[in-house]
Amino acid sequence: MARYTGASCRLCRREGTKLFLKGARCSSDKCAVSKRTSAPGQHGQGKKKQSGYGLQLREKQKAKRYYGVLEKQFRNYFELASKKQGITGENLLILLERRLDNVVYRMGLGTSRAEARQLVRHGHFTVNGKKVNIPSYLVSAGDVVAVCEKSASIERLKVILDDTSGRIVPAWIDFDADKLTANVNALPARADIDIDIEEHLIVELYSK
């Protein structure tokens, strides 16, 4: 399966914003975006005026990298979002938020989405009592996401919870840190999604 294997910090620098791809490092003085504001590469220092297409492309790339999905999968999400009632751009972000790896990250059981994705793939979580190891699984309102009983004692999960103790869990997720379970109270609304994305630019890009 295709995946990005380069330096995560280069992606943040390319988009000119923190994508929180490396957990605690992104909030520390070691963050590459804080230390080097220019884009990576020998031409990164130059300032170029972006075209309308360039702005649209950057928003799409930012969203893809934020949630850790590749182009084909992202396009599939867009096509699904366009078939739903409502605003396509908002539908797209809501679909991405409903991914199981993102829900685990939002619960505070992953310092980054990449770590949450790995934990899901290794079979450490259940949805409504059934083990699910597919990071792209879409949760629904009323679902219960929990750590498997055998995985609850894993030392790494305790370390992660300590590292993410100050992170705010969104209102649409009711997380019980003692039981390591979360109830999905409702589907997320656009106001619940705290990422700096102008989703209408993505819609304009794909609508050409």
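The values are calculated or read from the model by the stated rules, or taken from the named source; none is laboratory data. This one's a predicted model, so the numbers in the text were calculated from it and none came from an experiment. Ligands, DNA and RNA are excluded from the accessible area calculation, which covers all protein heavy atoms including side chains. Shrake-Rupley method; radii C 1.70, N 1.55, O 1.52, S 1.80 Å.
Just to verify a number: what accessible area does L55 come out at with the full protein assembly present, 1.4 Å probe, Å² rounded to tens?
Counting only protein heavy atoms, the figure is 80 Å².
For the stretch 66-179, what is the accessible area per residue in Å², given a 1.4 Å probe and the full set of protein chains?
Using a 1.4 Å probe on heavy atoms only, each residue of the stretch 66-179 averages 50 Å².
Using 31 Å as the Cα-Cα cut-off, could you pick out the over-long pairs in K64/K131; K72/K179; K83/K130?
K72/K179
Could you tell me what percent of the accessible area of the stretch 112-208 is made up of carbon and sulfur, with a 1.4 Å probe and every protein chain present?
Accessible surface attributable to carbon and sulfur in the stretch 112-208 totals 49 percent.
Give a residue-ordered list of calculated ³J(HN,Hα) values for the stretch 188-203 (Karplus: 6.51 cos²θ - 1.76 cosθ + 1.60, θ = phi - 60°; whole Hz; x for Gly, Pro).
Coupling constants for the stretch 188-203: x, 9, 4, 5, 7, 9, 8, 10, 8, 10, 9, 5, 5, 5, 5, 4 Hz.
Show I202, I154, I168 ordered by accessible area, largest first, where the area counts protein heavy atoms only and the probe is 1.4 Å.
Working: I202 0, I154 55, I168 145 Å².
From most accessible down to least: I168, I154, I202.
Order the following by accessible area, largest value first: I94, I173. Probe radius 1.4 Å; ligands, DNA and RNA are ignored.
Final ranking, largest accessible area leading: I94, I173.
Step through the residues of the stretch 133-145 one at a time and calculate ³J(HN,Hα) from phi using the Karplus curve (6.51 cos²θ - 1.76 cosθ + 1.60, θ = phi - 60°), rounding each to whole Hz and writing x for Gly and Pro.
Going residue by residue, I get 10, 10, x, 7, 4, 8, 6, 10, 4, x, 5, 10, 9 Hz, with x marking Gly and Pro.
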